[in-house]
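Notes to accompany the following structure.
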Amino acid sequence: MGSHATLPYLRETIIFLIAAGVMVPLFHRFRVSPVLGYLVVGGIIGPFGLGLLADDFPILSKVVISDIAGVQALAELGIVFLLFTIGLELSLERLWAMRRLVFGLGSLQVLLTSAIIGLIAYEFGNSVRASIVLGACLALSSTAIVMQLLLEGRRIGTPLGRSSFAILLMQDLAVVPILFVVGVLGTKVDSGFGVDLALALGKAGLTIVLIYMGGRLILRPALRLVAQTRSPEMFMAAVLLTVIGIAAITGYAGLSMALGAFLAGLLLAETEYSHEIEVDLEPFKGLMLGLFFMSVGMGIDWRVIGDEPMWIPLSVLGLFLVKSVITAGLCLAFGLPRHTSLEAGLLLGQGGEFAFIVVGLAMSLALLPADVGQFMLIVAGLTMLVTPLVAKAAEVLAGRMEREETTRAHQGNLAAIGDMEGHVILAGFGRFGRTLANTLQAESIAYIALDTDPGHVASARAENLPVFYGDASRLDLLNRAHIERCAAVVVTMDNPAAAERIVGEIRSTWPLVAVYARARDKAHAVRMMNAGATQAVPESIEGSLQLAGRVLSGLGATEEVVRRRLEHQRSIEEL
């Protein structure tokens, strides 16, 4: 042994920080999800990646992580911090408002998926006990990956985010009975099962109530006392003690530590310190989650995939298919739109981090043969690995479905507007288009607006405005809007390439129609004029002229002087 000691896991920590600081930004540059980046990097630097070559090339032993157990122990803190920040963004009132989704949709998803996966496992020759274990653990999805993807996309507050979170929260609550059932099955004692399960659930419920009531009484006065010291270090120490302390209490009570962290977040969300805590802990949460994702990537033994080149990919596909169909069907039954239901089903189709705990426990209790357990761990790990790609494909597919549904819903309305003449057609109804529409309405000039953003259309329709979903470059939609009898078309959309295409389509088909176009800058205005616009107005120039006019007025220039100066400047800038 050397004469000097080193920090435990120092080499692993350095390798992880290099991956987080160098590799993941490279993935981000190529628009690859950071989650996928961590999973891939973990696979490369883990014992089943470059680690396999370490004996032949000793230098590689310096850059691989072989002690997965130590990394996983640290990585579990990532899930704890994730659930804590989710709790911090919620409140008990919001959670109670979601009770139908949490206890209705979430419970049905866990029960139905467990039953169907268990039946499939039994049909493949597993024992009844093994089938129950596999059904229960594979019914749960990855809270860490799904919530991180939703947070990255800023979609946590959308119907997709709320329904996905409700299901994941119920899955976390289901951890208690599932662990209990696995323990009972492992002891092979069937007598009094129902009573023991009821007692275990009662103990879990009592623990949650006691933590919540005790926290409400103690937490706010304690934080106020610490905050009065005006020491950021002491305040951060108190917050970390709260999170890890409550997580440890739930862990000792047989509940998941993540659930305890979620309760800590809910308690702190009711205090006046929630926003400061959220900002302070954000970097910790990101790094810890990165460590968790890397540990998942490290745990995938790619050699097993080579041993089962057909069954492992089929099992990954099958798990996604079964879970996605069940979850999407339940979301539909609970009144969510088709596109949201489809996306939620695909987003929650993977196995979760909890599968690693349950399968490991089941193998130690001899409920699962070692080869079956390893096979299922590989399948669960691979489903987590491909989730960012599946989620992206699901988002694209759901967006296409939503656009088609919106088009079908509004095309009939567009056809039924009757004969119009002398109206203005607005191509785009964003901020610019809405302002122009208000001006036209004030002058009693009729207009019809077309927009490809369902959100813009929905908010405008709620105000009974003549706004319809559709791509203004489609000739059939322009015909329905009676373009041949309109006074003018105004192209106001943000996308420069799409705006040029629309102007070109209109000019080639209806050469006599006046087309006014918003342009980003002078160069874009030139391209719009070349495409056939009657007039193109660069918004950057007009914005700067308006500001110049305000400045001149503020400096004492008369209204006439300002008007003449702006007109002169505009004539210089005009094409």
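Each reported figure results from applying straightforward, stated rules to the coordinates on display, with no laboratory input. Note that the structure is predicted; figures quoted are calculated from it, not measured. Cβ coordinates were reconstructed from backbone atoms using ideal geometry, including for glycine residues, and neighbour counts include every protein chain displayed.
Could you list Ser127, Ser324, Ser571 in order of exposure, starting from the residue whose Cβ has the fewest other Cβ atoms within 10 Å?
Lowest to highest Cβ neighbour count: Ser571, Ser127, Ser324.
Between rounded, prolate and oblate, where does the stretch 293-332 land on the alpha carbon gyration tensor, with a ≥ b ≥ c its root eigenvalues, rounded for a/c under 1.5, else prolate if a/b exceeds b/c? Don't jump to the answer; show the numbers that get you there.
Details: a/c = 6.93, a/b = 1.73, b/c = 4.01.
Here the stretch 293-332 falls in the oblate category.
Just to be sure I follow: if Rg is taken over the C-alpha atoms of the stretch 345-489 and Rh is the Kirkwood radius over the same atoms, what is Rg/Rh?
Numbers: Rg = 25.6 Å, Rh = 18.9 Å.
Rg/Rh for the stretch 345-489 comes to 1.35.
Scale the Cα Rg of the stretch 243-388 by the rule-of-thumb value 2.2 N^0.38 Å and send over the ratio, two decimals.
Values: Rg = 18.5 Å, N = 146, 2.2 N^0.38 = 14.6 Å.
Taking N as the residue count of the stretch 243-388, the ratio is 1.27.
Using the 10 angstrom Cβ neighbour count as an exposure proxy, how do Leu289, Leu389 rank, fewest first?
Leu389, Leu289
I'm checking a number: the convex hull volume of the Cα atoms of the chain, normalised per residue, in Å³. What is it?
250
Semi-axes, largest first, in whole Å: what does sqrt of 5 times each Cα gyration tensor eigenvalue give for the stretch 418-573?
30, 19, 14
Search the structure for amide H atoms under 5 Å from the amide H of Ala488, placed 1.01 Å from N in the peptide plane, and list their residues when 5 or more places away or on another chain.
Ile425
Where does helix 274-298 land angle-wise versus the long Cα axis of the chain, in degrees 0 to 90, nearest 10?
60
Explain nothing, just the number: relative contact order of the chain, from Cα pairs under 8 Å at least 6 residues apart, as a whole percent.
Computed over the chain, the figure is 15 percent.
By counting other Cβ atoms within 10 Å of each Cβ, how are Glu443, Glu567 ranked from fewest to most?
With the sparsest Cβ surroundings first, the list reads Glu443, Glu567.
Going by a ≥ b ≥ c, the root eigenvalues of the Cα gyration tensor, does the stretch 250-292 fall in the rounded group (a/c under 1.5), the prolate group (a/b larger than b/c) or the oblate group?
It comes out oblate by the Cα gyration axes.
What ranking, highest mean first, results for peptides 499-508, 348-357, 210-219 when packing means the other Cβ atoms within 10 Å averaged over each residue?
By packing density, highest mean first, the sequence is 348-357, 499-508, 210-219.
Give me a comma-separated list of calculated 3J(HN,Hα) values for the stretch 524-538, in order, Karplus coefficients 6.51, -1.76, 1.60 applied at θ = phi - 60°, integers in Hz, x for any Gly or Pro.
Here the 3J(HN,Hα) series is 5, 4, 4, 5, 5, 5, 5, 6, x, 5, 5, 8, 10, 10, x Hz.
Long-range amide H contacts for Phe468: which residues qualify at under 5 Å (H placed 1.01 Å from N, peptide plane, sequence gap of 5 or more or a different chain)?
Under 5 Å from the amide H of Phe468 lie the amide H atoms of Ala449, Leu450, Asp451, each far enough along the sequence or on another chain.
Apply the Kirkwood formula to the stretch 126-186: the hydrodynamic radius equals the inverse of the mean of 1/r over all pairs of different alpha-carbon atoms; give it in Å with one decimal. Before the final figure, lay out the partial values.
On the way: mean 1/r = 0.0774 Å⁻¹.
For the stretch 126-186, the Kirkwood estimate is 12.9 Å.
With labels modelled as points extended 7 Å from the Cα through the Cβ direction, what inter-label distance (nm, one decimal) is found for Ser66 paired with Arg565?
Here the modelled spin labels are 7.6 nm apart.
Show me the ranking of peptides 47-55, 524-532 by mean Cβ neighbours inside 10 Å, starting with the highest.
Answer by packing, highest mean first, reads 524-532, 47-55.
Peptides 373-380, 220-227, 147-154: what's the order by average Cβ count within 10 Å, highest mean first?
The densest-packed peptide leads the list: 373-380, 147-154, 220-227.
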